[in-house]
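These notes are about the structure you will find just below.
The values are calculated or read from the model by the stated rules, or taken from the named source; none is laboratory data. Computed from a predicted structure; not experimentally measured. Virtual Cβ from ideal backbone geometry, glycine too; neighbours counted across all protein chains shown. We work out accessible area using only protein heavy atoms, side chains counted, and drop any ligands, DNA or RNA first. Shrake-Rupley method; radii C 1.70, N 1.55, O 1.52, S 1.80 Å.
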Amino acid sequence: MQASFWHEKWDAQQIGFHLDAVNPLLVKYWPQLNLEPSSRVFVPLCGKTLDMCFLAEQGHEVLGCELNELAVQQFYQENNLPVTLETIGEHQRFATEQVTIYQGDIFTLCADKIPAVTAFYDRAALIAWPEEMRQAYAKQLAKLIPANSIGLLITLDYPQAELNGPPFAVSDDWINANLSDDFEIECLASEDVLADNPRFVKKQVSWLTESVYKLTRKA
Ligand SMILES: C[S@@+](CC[C@H](N)C(=O)[O-])C[C@H]1O[C@@H](n2cnc3c(N)ncnc32)[C@H](O)[C@@H]1O
């Protein structure tokens, strides 16, 4: 999607993707990654997700990237976190004790300008991109993630012809065809979630699955 699409959504607070609680799949599957609490976790396209608070509570240092400034301000305000602000190249760096967010375009973020991470968490980031931009995003993510980093990826799949994204449908076949050059891929779970998603039910989407993958950045 173009940047203007997301800025308009945040301006209008049309942020149906934002959850008022920590994502249950993160709570359930994060322990399976067996990460040290000291691992630094990258959260691409982070919005103002409370999942960053969960990750910080596990002891992790969290490093997010988010395009929209209001989203970042709301994250720190709504969680009562004091914040410092610095300009780093094309990004504004918002920071509190355990959560730093680089506000700006993920495509202009450089691995050598940010602290090295050893883990990552992608929820509603890969699936935020239409198919023609998805591969470029996946390549940029791979560039920002050092070898052997381990991450959790959460995707949705449904018949794309029945509903426009975002979120866009990302199939298991797409994941294996497009991510396997850069990542070892293990599917941890795949569930029918149609009944839990009234927007999809209302639009008569015939099926909807949510999948959780463990990804390991190849050397
Ligand atoms: C579907 S939302 C998901 C947010 C978050 N991961 C969550 O689970 O609530 C996608 C987010 O990506 C941000 N975004 C879109 N394009 C971006 C880009 N090029 N660089 C950084 N963030 C971007 C949007 O502003 C939006 O907040």
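Points worth noting:
- GNM top mover of E184, E132, E61 - the chain, alpha-carbon springs below 10 Å: E132
- The gain in end-to-end length when the W207 to S4 segment is fully stretched comes to 70.1 nm, 0.36 nm per residue minus the alpha carbon separation.
- Net charge over other residues, Cβ less than 12 angstrom from the Cβ of A95 (K, R count +1; D, E count -1): -2
- At an R0 of 30 angstrom, the distance between the Cβ atoms of E132 and N176 translates into a FRET efficiency of 0.95.
- Charge tally around T118: other residues with Cβ under 13 Å, Lys/Arg +1 each, Asp/Glu -1 each, net 0.
- Selection from L81, W30, P146, by position along the positive dipole direction of the stretch 3-217 (Cβ): L81
- Probe 1.4 Å, accessible area per residue of the chain, Å²: 49
- Förster radius 41 Å - calculated FRET efficiency between E86 and K218 (Cβ-Cβ, nearest 0.05): 0.80
- A Gaussian network model of the chain, with springs between Cα atoms under 10 Å, assigns the largest mean-square fluctuation among Q98, Q32, Q140 to Q32.
- For the stretch 102-219, the C-alpha radius of gyration sits at 1.11 times the compact-globule guess of 2.2 N^0.38 Å, with N the residue count.
- Antiparallel bridges, percent of DSSP beta bridges restricted to the chain (to nearest 5): 60
- Net charge over other residues, Cβ less than 10 angstrom from the Cβ of C187 (K, R count +1; D, E count -1): -1
- Dimensions in Å of the chain - Rg and Dmax from alpha carbons: 16.5, 47
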